[in-house]
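Please read the structure below before turning to the comments.
All of the numbers you see were taken from the coordinates with simple rules; none came from a lab. Because the structure is a prediction, the values reported are computed rather than measured. Cβ sites come from the backbone with ideal geometry, for glycine too, and all protein chains shown count toward neighbours.
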Amino acid sequence: MQQKQHWEKVFETKADSEKSWFQPYPETSVKFIKELNIPKDAAIIDVGGGDSYLADALLQEGYLDITVLDISAKALQNAQKRLGKNAAKVKWIESDVLHFHPSQKYDCWHDRAVFHFVTGNKEINAYKKQIADSVTEEGKLIVGTFSEKGPEKCSGLPVHRYSKQQLTYALSTNFRKIKCIEEIHQTPFKTTQSFTFCSFQKKKKAV
């Protein structure tokens, strides 16, 4: 509950200009999705999507099956209010991702800045299992975390930072790396944060 209370307070009290992770347009995420040739009717989930503008961008690009999951009800309400009538075209799920029981499998799992908040070994393993269980065979995974040059904390919480090699290794049991980049994100306060962004494909199960 502490995590939920923390994020509800953040989204109730902070404007976009006060959130270090805010992006007016999620350029890197959209670019990764396009490069992976994700079909327009593919099931895409944005985990920890909150009130980010990825759902808006994907609707604009013509994607038809979009789910946004976040622990904060307020974050989801912010996004729904912003999207207006278009909010009905998106599935909204209020849940801690570690306690999420999906009713479908996803062709693409997108996570920008959730995985690095999962810091304990037990929780990290639970999250990796959650992704593997929730993604279709040979489905795609996009993960953005703070790089080893990134901040040690975000929103007052400790984070687990990953180099490109560390992120690839962390997910290698079930996913094959496609591409990794380092991205410099400019915050609304004109500071910079270093991110590791990688795309993966789920490995075929051995017969």
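Shown in residue order for region 31-44 are the 3J(HN,Hα) couplings computed by the Karplus curve 6.51 cos²θ - 1.76 cosθ + 1.60 at θ = phi - 60°: 4, 4, 4, 5, 5, 7, 6, 5, x, 5, 9, 5, 7, 10 Hz (x for Gly and Pro).
Built from the Cα atoms of the chain, the convex hull projects on average onto 11.0 nm², one quarter of its surface area.
With viscosity 1.567 mPa s and temperature 4 °C, the Kirkwood radius over alpha carbon pairs of region 103-160 converts through Stokes-Einstein to a diffusion coefficient of 104 µm²/s. Distances between every pair of Cα atoms in region 156-207, grouped in 5 Å steps from 0 to the bin holding the largest one, split as 5, 18, 21, 20, 15, 11, 6, 3, 1, 1, 0 percent.
Mean residue ellipticity at 222 nm from the helices of the chain, using -39,500 (n - 2.57) per DSSP H segment of n ≥ 4 over the full residue count, to the nearest 500 deg cm²/dmol? Please report the intermediate quantities before stating the final value.
Working: 6 runs with 61 residues, N = 207.
Only helices count here, giving -8500 deg cm²/dmol.
This model, with +1 at the C-beta of Lys and Arg and -1 at the C-beta of Asp and Glu, gives the chain a dipole about its Cα centre of some 380 debye. Summary of packing: across the peptides 80-88, 179-187, 104-112, 131-139, the per-residue average of other C-beta atoms within 10 Å ranks them, highest first, as 104-112, 131-139, 179-187, 80-88. When the chain is described by a simple charge dipole with +1 on each Lys and Arg Cβ and -1 on each Asp and Glu Cβ, the residue from 135, 95, 53 located farthest towards its positive end is 135. Over all Cα atoms in region 1-97, the spread is summed up by Rg and Dmax: 13.3, 38 Å. Overall, region 23-124 carries a charge dipole of about 220 debye about its Cα centre when +1 sits on the Cβ of Lys and Arg and -1 on the Cβ of Asp and Glu, all other atoms neutral. Between residue 172 and residue 77, the distance separating the two model label sites (each 7 Å from Cα on the Cα→Cβ line) works out to 4.5 nm. In plain terms, the bigger the Kirkwood radius, the slower the diffusion; for region 40-162, with that radius from Cα pairs, at 10 °C and 1.306 mPa s, Stokes-Einstein puts D at 106 µm²/s. Candidate cross-link partners of residue 190 among the lysines, defined by an alpha-carbon separation under 22 Å and a same-chain spacing of 8 or more, comprise 14, 19, 149, 153. Amide H contacts for residue 49 (H built 1.01 Å from N in the peptide plane; partners 5 or more residues away or on another chain; cut-off under 5 Å): 69. Taking amide H as placed 1.01 Å from N in the peptide plane, residue 163 has its amide H under 5 Å from the amide H of 148, each at least 5 places away in sequence or on another chain.
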